1. With the dipole of the chain worked out from charges on the C-beta (+1 for Lys and Arg, -1 for Asp and Glu) around the Cα centre, which of THR309, VAL157, GLY416 lies farthest toward the positive end?
2. Once the Cα gyration tensor of the chain is diagonalised, what are the square roots of 5 times its eigenvalues, in whole Å and ordered largest first, as equivalent ellipsoid semi-axes?
3. Using amide H atoms built 1.01 Å from N in the peptide plane, name the residues 5+ places from ILE345, or on other chains, whose amide H lies under 5 Å from its own.
4. Could you name the lysines whose alpha carbon sits less than 26 Å from that of LYS370, not counting residues in the same chain fewer than 8 places away?
5. Using 1/(1 + (r/R0)^6) with R0 = 35 angstrom and r between the beta carbons of VAL397 and LYS370, what's the FRET efficiency to the nearest 0.05?
6. Looking at the chain, what % of its DSSP beta bridges pair antiparallel, to the nearest 5?
7. Would you calculate the volume per residue, in Å³, of the smallest convex hull containing every Cα atom of segment 396-463?
8. Based on Cβ point charges of +1 for Lys and Arg and -1 for Asp and Glu, what charge dipole magnitude is obtained for the chain about its Cα centre, in debye rounded to the nearest 20?
Amino acid sequence: MEITESQIKSIVGEVMAKMQLGSSVTGMHGVFPDMNTAIEKAKEAQKQVRVMSMDQREKIISKIRVKIKENAETLARMGVDETGMGNVGDKILKHLLVAEKTPGTEDIKTQAWSGDRGLTLVEMGPFGVIGAITPCTNPSETVLCNTMGMLAGGNTVVFNPHPQAIRTSIFAINLLNEASLEAGGPDNIACTVEKPTLASSDIMMKHKDIPLLVATGGPGVVTAVLSSGKRGIGAGAGNPPALVDETADIAKAAQDIVNGCTFDNNLPCIAEKEVVAVDAICDELMRCMVEEQGCYLASPEIQDKLAHTVINEKGALNRKCVGRSAKALLSMVGVEVPDNIRCIIFEGPKEHPLITTELMMPILGVVRAKNFRDAVEQAVWLEHGNRHSAHIHSKNVDRITEYARAIDTAILVKNGPSYAALGFGGEGFPTFTIASRTGEGLTSAQTFTKRRRCTMSDSLCIR
Ligand code: NAD
């Protein structure tokens, strides 16, 4: 049966009304008034998950996949309505990607050595209850993807979601628990609190029953988790440059860069945040962006207005501008453009505030480089040592190698849009937690396990 647009709007309206902040969230699985109770409930659930067969864990994960697909549009609309960020169409695609391609229990692998002196196995075991902190930019995507991986590894999870996205996060957590119950698993495989705060996050970080913390967000939260004295996985900020040299297919580079940059209004941390183009092709690249890819070329006056609108005097982002469309941003500075304007571009020095800052908006500054060497230097500077993501458009493999070594990021997309790195029009699995700072890279079920060696001395080697 087809669900119409107005029916979906009405479902979202009902859910949002039921979940108004401050009102009761009774009936939502996994939601508790305080963090200590949430951890206790997740611990009880983990005792059951711990002894489940892998097959049973996989049954729950399959059910989660079905639920995400059924609710992709509702989740997407809730995310946009609650945070004011991103766009519904791309958020639906992100949820479908999570449902279809997030690794499950097949990611949990045993290594074995057998020989004259017996048999040794290294197995991946659960940590127990994992404490996770999630961003407002991909709220339900992160909650769902994290839980699938953590559960595949035999864990349960307690979330301290971004307060600005709590209703969407609670809706996702409820779905996860419904899926578990329907597949014969326990309730509370994922838990949270009604009102997450820094205080509830602090309780989680210090709790004796939380052995592993996973932080997805900006530098503040990653530093907080890494200072906790516990094992921490830190998925922090990026500012990914896209380098274009004269060997690239310039029209395709313009298309890939604008597609990647505008996906979900530039919210993904991996998305192109600025371009560094060698002088020989810089004008042609910008022409393609404007004439073929729906970019608006901002004058110096509009650049100044934008800079003062999207960044405040203290250098912090104006949250009302994050994840907004190019049309909405231009309207804020008094410029009205048609709907087909997808991105704002301009040429400027790398130090320009709209270029050096991780904006998470479809504003793409273009930095002109004298040659390839100069482009690499400027791109490395712009990435700010985050070691997160970078992109390149070049047909010269030696140059691609040189750039990859110099920028040393967890993700490097060659000749494609940034989202290819998440398995979207590219090979590989998706994640919304890219542990750039602590080095795990793209997280999946095996990231959320600990290695244990099991050795049988002088037997069980049957050859
Ligand atoms: P944010 O840092 O404002 O918030 C992220 C989470 O951390 C929220 O739940 C917030 O409540 C919490 N938080 C913030 N400071 C904290 C502190 N001192 N102690 C405890 N908790 C704290 O980020 P955001 O605006 O929600 O998301 C955007 C940022 O996250 C960008 O910098 C983006 O690059 C980054 N991000 C990174 C990844 C990744 O995989 N590496 C994925 C998504 C977003």
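What follows is calculated from the coordinates using simple rules that are stated; it is not laboratory data. Since the structure is predicted, the reported quantities are computational estimates derived from the model, not experimental observations. Cβ placement follows ideal geometry from the backbone for every residue including glycine, while neighbour counts extend to all protein chains displayed.
1. Farthest towards the positive end: VAL157.
2. Values: eigenvalues 298, 159, 75 Å².
Its equivalent ellipsoid spans semi-axes of 39, 28, 19 Å.
3. Residues meeting the amide H criterion: TYR296, LEU297, ALA298, LEU364.
4. Cα-Cα hits under 26 Å: LYS252, LYS273, LYS350, LYS395, LYS414.
5. Between VAL397 and LYS370 the formula returns 0.95.
6. If I count the DSSP bridges inside the chain, around 30 percent turn out antiparallel.
7. Normalising the Cα hull of segment 396-463 by residue number yields 204 Å³.
8. That gives the chain a dipole magnitude of about 1620 debye.
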